[in-house]
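What follows is a short report on a single structure.
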Amino acid sequence: MEAPTILVTGGAGFIGSHTVVALAEAGYRPVVLDNFSNSQQDVLEGLRQILGYEVPCCVADCAHRSALFEAMEREQVRGVIHFAAFKAVGESVREPLRYYRNNLDALLTLVEVMLELGVHDLIFSSSCTVYGEPQQLPVTEASPILPAISPYGNTKQVGEEILRDVVRAGKPLRIISLRYFNPIGAHPSGLIGELPIGVPNNLVPYITQTAAGLRPELVIFGDDYATPDGTCIRDYIHVMDLAEAHVAALRSLERLSALASYYDVFNIGTGQGASVLDVVRAFEDACGLSLPYCIGPRRPGDVAAVYADATKAREQLGWTAHRTLHQALADAWRWEQRLQHLTGSRAKCQ
Ligand code: UD1
């Protein structure tokens, strides 16, 4: 039987590219659709080296209806994993319209084109950001959805609502939204990983760039939270575990193929909370380095603690995270070192 083709929108991005690997390893035929607005063509070379063949790639914006339609028709797409979206929280506060336009246009266009072409299965990238500052930990899928703090977070909430409403209306779609906790790490080959443009917003790329000497020190955003060591707690998940969750979700949709319409959401995390200081220590331990850091003020919009109850994903998708924080940090560091090797010394003034 021919490998089913899965369209991966945003497939050149951080989570997308790792999911391409997981899909190929699971016997699917991934096809990337990306406009390279926040990713680089080199990723395709990394994928080629890992997989041993060139992954088909369509350079297009997901909101470009005719390009999307043609790509999906030509490639005979059987299912879609939709990553293509802007994701910088702070930028979304400054440029809300750009975020709503980009993230929602892409999603609406995709769903319409799927319906036109009779493609039924969709996995949507959502985020634990939909839980805001949770009252109870760990958070389950039944935990309350709180008003989003940022336009970025709101595009995820609204995206989930749009999909739920489309399924409620009886449209022939089977959809799973995956609520990711904090993806970190890189493929263990060191051939693909996270490529932050400019100064990283996220913790782990900031740590690896500091260890590489590109940043003088990590600033820990606050140590006066009501947590055991005063720093924020998150659920850091290895990006390959997260990638494999998409394969598990896709398989689950295939098992549900007797249903005309289906919608559900799953938390994708490890179930373990780690503080910023835990991450710093784990990095030092995993990589045998000492990391310069200082304590700075809180970052507006940060919640004190959030981590997943991922029981539902284990029970219904048969998925569970199995890589450790140490592994994820060692892989992130291997990737950063490879970047340094490739680019020489990256401009320190970025
Ligand atoms: C945010 C978003 C999440 C999104 C993710 C990836 C929220 C609540 N969360 O996660 O939806 O998927 O970004 O874009 O909107 N930290 C430092 N110093 C730094 C950087 C980070 O101390 O230089 C701390 C932060 O205060 C936080 C932790 O590290 O406690 C993780 O931060 P980060 O990696 O930015 O992820 P989140 O803010 O949790």
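The values are calculated or read from the model by the stated rules, or taken from the named source; none is laboratory data. Note that the structure is predicted; figures quoted are calculated from it, not measured. Glycine gets a Cβ as well: all are built from the backbone with ideal geometry, and neighbour counts include every protein chain shown. The area values use the complete protein model at the heavy-atom level, side chains included, leaving out ligands, DNA and RNA. Shrake-Rupley method; radii C 1.70, N 1.55, O 1.52, S 1.80 Å.
Projected label points at S66 and E25, each 7 Å from Cα along the beta carbon direction, are separated by 4.0 nanometres.
Just flag the GluC sites (Glu not before Pro) in the stretch 1-55 sitting in loop per DSSP whose Cβ has no more than 11 other Cβ atoms within 10 Å. In loop regions of the stretch 1-55 (DSSP not H, G, I, E or B), the sparsely surrounded GluC sites (Glu not before Pro) are E2, E54. Convex hull volume of the Cα atoms of the stretch 190-269, normalised per residue: 162 Å³. Each stretch of four or more DSSP H residues adds -39500 (n - 2.57); spread over every residue of the chain, this sum gives -12500 deg cm²/dmol at 222 nm. All Cα-Cα distances of the chain, cut into 20 Å bins from zero to the largest, leave 31, 61, 8 percent in each bin in turn.
Each distinct pair of alpha carbons in the stretch 126-220 adds a 1/r term; the inverse of their mean, the Kirkwood radius, is 16.2 Å. Using C-alpha pairs below 8 Å separated by at least 6 residues, the relative contact order for the chain is 19 percent. Note on the chain: Lys pairs 8 or more places apart or on different chains, Cα atoms under 24 Å apart, count 4. Counting charges near S261 (Lys, Arg +1; Asp, Glu -1) among other residues having Cβ under 10 Å from its Cβ returns a value of +3. Summed over all non-identical Cα pairs, the Kirkwood treatment of the stretch 55-177 gives a radius of 15.4 Å.
Shown is the FRET efficiency for V59 and D285, computed with R0 = 35 Å from the Cβ-Cβ distance and rounded to the nearest 0.05: 0.25. Applying 1/(1 + (r/R0)^6) with r as the Cβ-Cβ distance of Q41 and R94 and R0 = 22 angstrom yields a FRET efficiency of 0.20. If you take the Cα centroid of the stretch 52-72 and the Cα centroid of the stretch 17-47, the two points sit 12 Å apart. To the nearest 10, the accessible area of T129 is 50 Å² with a 1.4 Å probe. Between the stretch 248-278 and the stretch 104-177, how many Å separate their Cα centres? Using only Cα atoms, the two centres lie 12 Å from each other.
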